[in-house]
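Asker: For reference, the structure I am asking about is given below.
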Amino acid sequence: MQWLQIAAGLAVFAFGVHLTIYANIGLAPWDCLGMGIAKHTPLNYGLSMTAMSVVILIIDLLLCERIGYGTIIDALLTGNVMRLVYSLIRFEPRAVRHRDVVEVSRELVVK
């Protein structure tokens with residue numbers, strides 16, 4: 001039952017990340033890194049998120065850090081749920097034009 005709760009929570013989390021990308025209201029640092037990798041490599045956003053998470057897991061293992069099963073599920077599930085959501089609704093997050101801090105600050109000064 002606990003595995004199902006973790007999976008459902010991560011699916012809701014992944015959908016929330018999708019909503020922030022779709023609304024173009026800004027990205028969290030981890031999502032920004034994934035989006036940058038997706039924009040500069042052939043990987044899509046979900047796959048870049050999964051790849052980053054797996055790399056971090058490997059680094060944690062090399063550093064002899066304790067890793068729980070929730071962390072492993074998060075690494076493998078969240079990016080893949082994002083890929084599924086994007087394929088179902090036919091949304092390409094790399095097509096969203098993300099603004100940087102300088103551009104947003106210019107808009108604030110002008111208004």
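Asker: Placing unit charges on C-beta atoms (Lys and Arg positive, Asp and Glu negative, everything else neutral), compute the dipole magnitude of the chain about its Cα centre in debye, rounded to 20.
Answerer: On the way: 9 positive and 8 negative charges, 71 e Å.
Computed about the Cα centre, the dipole is about 340 debye.
Asker: Also: Give me the percent relative contact order of the chain, please, defined on Cα pairs under 8 angstrom at least 6 residues apart. Display every interim value, and only then the final one.
Answerer: Working: 82 pairs, mean separation 38.2, N = 111.
Computed over the chain, the figure is 34 percent.
Asker: Only helices at least 20 Å long along their axis, Cα-based, and averaging 1.6 or more on Kyte-Doolittle count here, so list those DSSP H runs from the chain.
Answerer: 45-62
Asker: Let me ask you something else. Over the chain, with a single point scatterer placed on each C-alpha, what log10 of the ratio I(q)/I(0) does the Debye formula yield at q = 0.14, 0.17, 0.19 1/Å?
Answerer: For the chain at q = 0.14, 0.17, 0.19 Å⁻¹, log10 I(q)/I(0) is -0.63, -0.86, -1.00.
Asker: If you don't mind, another one. Could you give the nm distance between label points at Val55 and Leu76, where each point is 7 Å from its Cα heading toward the beta carbon?
Answerer: Result: 2.1 nm between the two label points.
Asker: Moving on. In nm, give the distance between the simple-model label positions of Glu92 and Arg66, each being 7 Å from the Cα along the Cα-to-Cβ direction.
Answerer: 4.6
A short reminder: the numbers here are calculations on the coordinates, not readings from a lab. These figures come from a predicted structure and were not determined experimentally. No Cβ is skipped: glycine too gets one built from the backbone with ideal geometry, and neighbour counts run over all protein chains shown.
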